[in-house]
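All remarks here apply to the structure that follows.
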Amino acid sequence: MFYLHFNNNSNHHLKNNSCTKKNKEKNNILLNAEQVGSGLYSIVTGNGINGNIGDVGEEFSFQVLTYHSNGNQKKVGGDIVSVFIQGCDYHNLEEDVKVRVSDRMNGTFIVYYNVNKSGHYMISVMVNHVSVVGGPFKVNVSPLNYNVDILDKHTLVAGQDIVCQIQPKKTSIHPINDRIDIQLFIKEGGVLKKTVSEITTHITGVESSTYPTTTETTIQKIFKLLKTGEYIIEGTIVGVPIFQKSFTINSGPVSSKYSHLVWDGKELISENKLFILKNNTPYSEFKFLIETKDKYGNIALGSDLKDFKYYLKRSLTPIMINNNNNNNNGNSNSLDNNIDLQQQQQNQINNNLNNGLKEIQPEIHIDYESKNIKIKLNIKKEGWYCFCVKVNDQFISNSPFVIVTIKENDFQNLSNSYSLSKATFHCQIDKNNYIFDNSSNTQNILNNNNSNNKRLSNIILSISKKKIEILESYYFINIGLFEFNINPTVQIQLVGENNSNLIIKDNKSKVLLYNCPNQFLIILTSYYFMGFQSEPTFDSKIKWLKSSITAHTASKSGLSRNKMNTLKINISSRDNILEESLSILKAYDGKDLVTSRLIVKFNDEEGVDIGGISKEWYSKLSEEIGKKPIQGYYLFDQYPGSHVYHPSPLSNLVPDFKSCFKTLGKITAKSVYDSVLKADRHLSIKFAPAFYKLIVDEPLSLDDIQQVDPQLYKNKIEFITNNPMDYVNEILGEPLYFSREIYNPNHPNTGGGMSFKTVNLKPFGNLIKVTDENKQEYIDLLVQNIFYTSIKVQVDEFKEGFYSIIPQNIISIFNSKELEMLICGRDIINFDDLRLHSIFTGLFNDDIISLFWEVVNEFNELEKKLLLKFVTGSSAVPLGGFYQLCPHFTINIIPNINNNSNSSGSNSSTPLLMSTSPNPSPIPSEPNSKNNSPNLNISENTKFNKQSILCPTNTENRLPISHTCFNRLDIPFNNCFNKNILYRNLKLAITEASEGFSLI
């Protein structure tokens, strides 16, 4: 609001809303009796005092005619005329209205004013401090109308800056402070829908990009629109429309990322991308459609047809490219998160360019109505076809499109086989030589079998969902020659000239087939029965193992994993864990163990098993296998200089040793079973590599001796191999025979027992001398005897127990190294992975987190394993890494517990966190504050698995404790302010307090 005051001392004087007291007194002196109350009779007239008075920026005026109290108009000036102008609308309440009053000295006053903002205003007029009759007066100032021009209107493209220039239609005298609001609408189905876009304003003709403006000012509104279509831009000032303009947004250039290749026809069996080649036709047509889109997903055809290139590859074997969008229309939103995947896809396709992917020139035409490109390909032969499209030297997002073509007759045979879940084909094999070891080179096999000495026999190749059989027909009987159980390692491959032969292989063997009349149908049938065949990874094997043992358990027991029985194992003490565990579990067969959840109880400990005790039971029991004798004899011997164990050749002296090894086999398989299906239950013992080979039936080799006993290898095997036997016998002092002496390294110096025994490596071996001609046989038999022959009964019993839990045909897909990882977990601890998948809870902050990991990084490898075992109950890393650890590795900073209320505690003002959230908010409180102490809801009766020792009441000496059931480490708050204290206490806890469970 503004107050303008005029008197006879100043004809053109402008004042603001408040006059000084001194001026008011001076003005009052000038008044006489005739002037008092003349405002009651004065008149206000003119265009600027009522109604719609004009546009903003113009100058407005009105007249004030003063009268005496007797009703006569005054003929002289000198009256005091005050004018108040106040904005009525929200946007102009604080408007600074400029007013000037001119005294014509004849009783007439002219009031001039202008406003910078449109809207409604109230005008109050006073003559000699008395309001004029009829006031206040309400006026409306209209906004200016504007011209709007969109630059490059006919070439507007989605995603580009759109510049809209706005100028007033007429000239204004004064600056204008109206703010123009812009709204954008898109026409969809004949209906205007408001759309949102970030709009930037630039004003030319002034120093800054803010109002006020003048008629010479050009306002630029800059914005982007990502969707094509017809738009309307509308400008308003306080809701009053001032301009409106329509324009069209066109699509941008065709984008390889958002364009899609789709099938355009009804011939394709969409479920499996199968195309049937009709009989008696020279060729069939592939019909494709390229949905061309710009990078914002708008349908577009902004590129010339010359920008598109087309590639095709044919193969008789499945074509598989790792692309999540393969043969999928997809959408732009999902593609935004797959930039890395798209780059991988581009690399894979580029690699295929050198492997059969060739550029072609198909029949092409443009559908201008849908703005799509239609493509036709003439196809004559069956096979897998990989079709790719490139635009602007980039493959479109869902290339390649893979289709399988099949002849009409073959399709009928495939349908029949699929419905019967079995297919048969006639081939040939060389009866003299058709089975090879998996390690044999395929090309060498073909080269060695190209001779004319092959004795080919007709066979039947039978393929089903569970196995592949090679059968030979004798009259009305089919005799099985070889069999492959279907697993991830089984593959059927085309080999030889013109792909006329087949190799069927798994991780153990290869079989060569000749003269297969319809190789493509064989490959296609195996694809539908077995899926895509490739060299399996360890993770893919784990996935298959999980599904296989689950199905096996369900078929064997009729129970699911959700309906597990409880098997309680009560152990008197940890000292008796081996004997008592074997005694309890030997009474249960594999079926009972598979369908049971083991609950372990150490009778001399308070801990209750909700996962942590049974986890440590596996670890502790496996350690005792090689460390504790049973009645003076060990079940497993440790090789000198290594940490691996192998069944002892003297273990047959252990009472009931067969059931011991069979039970150990069941326990080992049960640990694998639980580790794969539920959580880590790995064993701590490391078996010799040869022992893992025996479980999965891999052949033994001299390397197995060298790995576990390098001294024996160097001093005996290598010595015999590299020297004549005469020299060897001379060094030994006696002839060497086909026999072996077995020593008991743990034989006591006194008392009974067997110090050694002698075994023959072959019948009457103690009478057969080793010569230069047969020494290789001796070495092979020695290796076999060390690792298997001398302990055959023990190994066979172990395998029988193992296979009762996980059948041989299932576990055999793993090699010996992978089996070791299944049993023992991953050996290498990646603490970066642990840190990534760890959680901090309780009273922690960033400094405490950094201090903990700094201390842990200073541990050696053994101490790191002890820490992992202390917290989780096992020193092994889960098969899936620490991400698979459930619950995650948790570090919980707990408050100090003092027996003395006056005991010292931390008074640090470091912000603390009381949250389990990954990104908690800091709470600025002292850790010992009474009101801010965390409520852990722990009572004496609460059951937790805890590994600890008694500690002094001094909180700095209070050791961390662990809850292995929850993979949680509790660290007292006072341990976390000094690196040396935390290092000392944590190391003491994991080394001296690593066993035992109690309740807190």
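Data table
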quantity: Residue 635 being more than 28 Å from residue 543 (Cα to Cα), open to solvent by less than 10 Å² (accessible area, probe 1.4 Å) and out of contact with any helix residue (DSSP H, G or I) (no Cβ under 8 Å at 6 or more places or on another chain); calculated: no
quantity: So residue 432, is it open to solvent by 20 Å² or more (accessible area, probe 1.4 Å), closer than 25 Å to residue 315 by Cβ and either not in a helix (DSSP H, G or I) or not basic (Lys, Arg) (or both); calculated: no
quantity: Subset of the range 669-684 [in contact with a Gly (Cβ under 8 Å, 6 or more places away or on another chain) and either surrounded by fewer than 23 Cβ atoms within 10 Å (Cβ to Cβ) or not aliphatic (A, V, I, L, M) (or both)]; calculated: 675, 679, 680, 682
quantity: Enumeration of residues in the range 59-94 that are under 28 Å from residue 117 (Cα atoms), part of a strand (DSSP E or B) and polar (S, T, N, Q); calculated: 61, 63, 82, 86
quantity: Count of residues meeting criterion [aliphatic (A, V, I, L, M), over 18 Å from residue 49 (Cα atoms) and open to solvent by 30 Å² or more (accessible area, probe 1.4 Å)] in the range 131-156; calculated: 1
quantity: Members of the range 524-551 that are open to solvent by 40 Å² or more (accessible area, probe 1.4 Å), among the hydroxyl-bearing types (Ser, Thr, Tyr) and under 12 Å from residue 487 (Cα atoms); calculated: 534, 540, 547
quantity: Residue in the range 114-128 that is open to solvent by 40 Å² or more (accessible area, probe 1.4 Å), assigned to a loop (DSSP other than H, G, I, E, B) and out of contact with any strand residue (DSSP E or B) (no Cβ under 6 Å at 6 or more places or on another chain) present; calculated: yes
quantity: Matching residues in the range 769-783 - criterion: being assigned to a helix (DSSP H, G or I) and crowded, with 17+ Cβ neighbours inside 10 Å; calculated: 775, 778, 779, 781, 782, 783
quantity: Cross-chain or 6+ apart pairs with Cβ under 7 Å, the range 421-433 first and without any contact (Cβ under 8 Å) to a residue 40 or more places away in the chain, then assigned to a strand (DSSP E or B) and not small (Gly, Ala, Ser); calculated: 424/460; 424/461
quantity: For residue 842: the one exception among (1) open to solvent by less than 60 Å² (accessible area, probe 1.4 Å); (2) more than 30 Å from residue 607 (Cα to Cα); calculated: (2)
quantity: Verdict on residue 706 being surrounded by fewer than 17 Cβ atoms within 10 Å (Cβ to Cβ), under 44 Å from the mean Cα position of the chain (by Cα) and without any contact (Cβ under 8 Å) to a residue 40 or more places away in the chain; calculated: yes
quantity: Test: residue in the range 314-332 that is closer than 22 Å to residue 275 by Cβ, open to solvent by 50 Å² or more (accessible area, probe 1.4 Å), part of a strand (DSSP E or B) and modelled with pLDDT of 85 or more; calculated: yes
quantity: Where residue 104 falls short, out of the listed (1) in contact (Cβ under 8 Å) with a residue 60 or more places away in the chain; (2) open to solvent by 60 Å² or more (accessible area, probe 1.4 Å); (3) of a type in the set (Lys, Arg); calculated: (1)
quantity: Failed condition for residue 485, given (1) closer than 28 Å to residue 810 by Cα; (2) open to solvent by less than 20 Å² (accessible area, probe 1.4 Å); calculated: (2)
quantity: Condition check for residue 850: crowded, with 19+ Cβ neighbours inside 10 Å, without any contact (Cβ under 8 Å) to a residue 60 or more places away in the chain and either under 25 Å from the mean Cα position of the chain (by Cα) or farther than 30 Å from residue 698 by Cβ (or both); calculated: no
quantity: Matching residues, the range 784-809, being open to solvent by 50 Å² or more (accessible area, probe 1.4 Å) and under 43 Å from the mean Cα position of the chain (by Cα); calculated: 800, 808, 809
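The values are calculated or read from the model by the stated rules, or taken from the named source; none is laboratory data. In this text, all values refer to a predicted model and were calculated from it rather than measured experimentally. With ideal geometry, Cβ positions are generated from the backbone for all residues, glycine too; neighbour counts draw on all protein chains shown. The accessibility values were calculated without ligands, DNA or RNA, using every heavy atom of the protein model including side chains. Shrake-Rupley method; radii C 1.70, N 1.55, O 1.52, S 1.80 Å.
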